1. Pick from segment 37-50 the residues that are part of a helix (DSSP H, G or I) and not small (G, A, S): which of them is nearest to V177 (Cα to Cα)?
2. Where residues in segment 17-42 are of a type in the set (A, V, I, L, M, F, W, C) and within 16 Å of E173 (Cβ to Cβ), which of them is surrounded by the most Cβ atoms within 10 Å (Cβ to Cβ)?
3. Here is a list of conditions, (1) buried (at least 18 other Cβ atoms within 10 Å of the Cβ); (2) among the β-branched types (V, I, T); (3) in a loop (DSSP other than H, G, I, E, B), and I166 meets all of them except one; can you say which number that is?
4. Looking only at segment 14-36, which residues are within 23 Å of N85 (Cα to Cα) and assigned to a helix (DSSP H, G or I)?
5. With the condition kept exactly as written, say whether any residue in segment 100-110 is within 17 Å of the chain's Cα centre (by Cα), among the small types (G, A, S) and outside any loop (DSSP other than H, G, I, E, B).
6. Quickly run through segment 75-101 and pick out the residues that are surrounded by 15 or more Cβ atoms within 10 Å (Cβ to Cβ), of a type in the set (S, T, N, Q) and touching a residue at least 40 places away in the same chain (Cβ under 8 Å).
Amino acid sequence: MILITGANGHLGTQTIDLLLDKNPETKIVGLVRSEEKGAELEEKGVEVRIGDYTDYPSVEKAVQGVDILLLISSSTMDGRAEQHNNVIEAAKKAGVKHILYTSLVEADKGLSPLSADHTVTEKLIKASGIPYTIYRHTFYMEFLPLFLGNALETGSWVFPTDGKAINLALRSEMAEVLANGLENPEEHK
C-alpha cells in the first residue's frame with residue numbers, strides 16, 4: 001500500500017492520477033487534513049486518511065499498514081522539520097518499507113530559506129533505517145510568472161541566482177518521476 005501525504009495538493013494529486021492511469025488497481029492512501037479535502041480523492045477510489053503533520057497521533061494512525069510512503073514536503077515555513085520528523089517517526093514505528101521525500105535542489109548548500117529544513121529532513125530520513133529515495137526538486141515552472149514581474153515591459157529579468165543558471169521543471173514532470181519511484185522503489189534508492 002502506498003501513502004501519499006499532501007494528497008490533495010497539486011503535486012500529490014498529479015502523482016495519484018499518474019499512478020491510477022498506469023494501474024487503476026494500485027492501492028493508494030491519501031493523507032489530507034479534513035474529510036472535505038479528501039472528497040475528490042475518494043471519488044477516484046483513493047482511501048482517505050485524515051491527519052496533520054503537527055498531530056503525531058493522527059499521522060501515526062495514517063501510516064498503519066503502509067509499505068511505501070511519499071512524504072511531500074510541508075508548505076509551512078514554521079516548524080517544517082519537526083512536522084517531517086513526526087511523519088518519519090510514525091513510519092519507523094509502523095514498519096514502512098520505503099520513504100520517498102520531496103526535497104529541494106542543492107538543499108545542502110543553503111541557497112534558499114527552505115534549505116535548512118530540507119537538509120534536516122534528509123538527515124532524519126537517512127538516520128531512520130528505512131530505505132529511502134530523496135528527490136531534490138527544482139523550481140516549478142508554474143511559479144515562473146511570480147518571478148517575472150515587469151520583465152515583459154522592461155526587457156530585463158532579474159532572478160536571485162548569484163549569476164548562475166537555473167533549472168525549471170513542470171510540476172507534472174516531477175509528479176511523473178515520483179509515480180515511477182512509487183511503482184518501483186527498489187530501483188530508486
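1. L41
2. Ranking the qualifying residues of segment 17-42, first place goes to L19.
3. Among (1) buried (at least 18 other Cβ atoms within 10 Å of the Cβ); (2) among the β-branched types (V, I, T); (3) in a loop (DSSP other than H, G, I, E, B), the lone unmet condition for I166 is (1).
4. The one that is within 23 Å of N85 (Cα to Cα) and assigned to a helix (DSSP H, G or I): T15.
5. Yes, that holds for at least one residue.
6. none
Laboratory data are not the source of any read-out in this text; all were calculated from the coordinates shown. Note that this is a predicted model, so its numbers are computed, not measured. Neighbour counts are summed over all protein chains in view; Cβ atoms, including those assigned to glycine, are modelled from backbone coordinates with ideal geometry.
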